[in-house]
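First up is the structure itself, then whatever we jot down about it.
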Amino acid sequence: MALLPILHYPDPRLHQSATSVTEFTAELKQLAEDMTETMYAAPGVGLAAPQVNVHQRLIVVDVSEDKNGLMVLVNPQIIAREGEQEYEEGCLSVPGVYSKISRAARVKVKAQDLEGAPFEVEADGLLAVCLQHEIDHLDGKVFVDYLSQLKQNRIRTKLLKQAREEARA
Ligand code: NI
């Protein structure tokens, strides 16, 4: 197991679209394990492969309080959405930034497991938010993309400054 470095906004690699997983290899399982360890260590409730610079359609999610609700989704796709909810979101790729984002209240997601077997998940509340947020990453979308241009510029400036200070430290 290994902790993977997480790309930080505004890294252009976060805006790259991920490709579908077609081979369910030992490497894919290893990547899912490393992503899970990285998510728990951060700590975070979700992580998408593009955030660790692997541009494949794989996400890990765990919104439980005691880390016993791990879900690994390969090639996840939202097949139904309903209602609306607002939630204050954050992202491991946008450290220290939280903002209210409006998303569907309930979603149905179709995905495959690490062996390639298909399954479906129905989610509401935080899990629904998290699934939509992580699936966005696979399409090269970060939650700040939903904010006004002015807010995006402020966040960009703040994170670039943080990165410069970290580089100097
Ligand atoms: Ni994120």
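Rule-based calculations on the coordinates, nothing more; no lab input. All values derive from a computational prediction rather than experimental measurement. Neighbour counts are summed over all protein chains in view; Cβ atoms, including those assigned to glycine, are modelled from backbone coordinates with ideal geometry.
Give me Y40, Y98 ranked fewest to most by other Cβ atoms within 10 Å of their Cβ, as a rough exposure proxy.
Ranked by crowding around the Cβ, least crowded first: Y98, Y40.
Are there GluC sites (Glu not before Pro) in the range 50-88 that DSSP marks as loop and that have at most 13 other Cβ atoms within 10 Å, and which are they?
Listed in order of number, the matching sites are E65, E84.
Using amide H atoms built in the peptide plane, which far-off residues or other-chain residues are under 5 Å from Q56 H to H?
T19
For the range 113-153, state which chymotrypsin sites (Phe, Trp or Tyr not before Pro) are in a DSSP loop and have at most 11 other beta carbons lying within 10 Å of their beta carbon.
Details: sites: F119, F143, Y146; in loops: none.
Counting only loop positions with at most 11 other Cβ atoms within 10 Å, none of the chymotrypsin sites (Phe, Trp or Tyr not before Pro) in the range 113-153 qualifies.
Compare the Cα positions of A18, I155, N53 along the charge dipole of the chain (+1 at Cβ of Lys, Arg; -1 at Cβ of Asp, Glu; about the Cα centre) and return the one farthest towards the positive end.
About the Cα centre, the residue reaching furthest to the positive side is I155.
How large is ³J(HN,Hα), in whole Hz, for each residue of the range 97-109 in order, when computed from phi with the Karplus curve 6.51 cos²θ - 1.76 cosθ + 1.60 and θ = phi - 60°, using x for Gly and Pro?
Ordered by residue, 3J(HN,Hα) equals 10, 10, 8, 6, 10, 9, 9, 5, 6, 9, 9, 10, 10 Hz.
What are the ³J(HN,Hα) couplings of the range 61-71, residue after residue, when phi is run through the Karplus curve with 6.51, -1.76, 1.60 and θ = phi - 60°? Round to Hz, x for glycine and proline.
For the range 61-71, the Karplus curve yields 9, 8, 9, 6, 7, 10, 6, 10, x, 5, 10 Hz.
List, largest first, the extents of the alpha carbons of the range 1-124 along their principal axes, each in whole Å.
For the range 1-124, the Cα spread along each principal axis is 38, 32, 32 Å.
For the chain, what is the calculated [θ] at 222 nm in deg cm²/dmol (nearest 500), taking -39500 (n - 2.57) for each run of four or more DSSP H residues and dividing by its residue count?
-10000 deg cm²/dmol
I'd like the Karplus ³J(HN,Hα) series for the range 51-56: coefficients 6.51, -1.76, 1.60, θ = phi - 60°, whole numbers in Hz, and an x wherever there's a Gly or Pro.
Going residue by residue, I get 5, 10, 6, 10, 9, 10 Hz, with x marking Gly and Pro.
Dipole of the range 1-69, Cα-centred, from +1 at each Lys and Arg C-beta and -1 at each Asp and Glu C-beta, to the nearest 20 debye? Before the final figure, lay out each step's value.
Values: 4 positive and 9 negative charges, 47 e Å.
Charge dipole of the range 1-69: 220 debye, to the nearest 20.
Which lysines does K158 reach when only Cα atoms under 21 Å apart count, and residues fewer than 8 places away in its own chain are ignored?
K100, K141
Can you list residues whose amide H is under 5 Å from G46's amide H, if they're 5+ apart or on another chain and H is modeled 1.01 Å from N?
It is D62, by chain and number.
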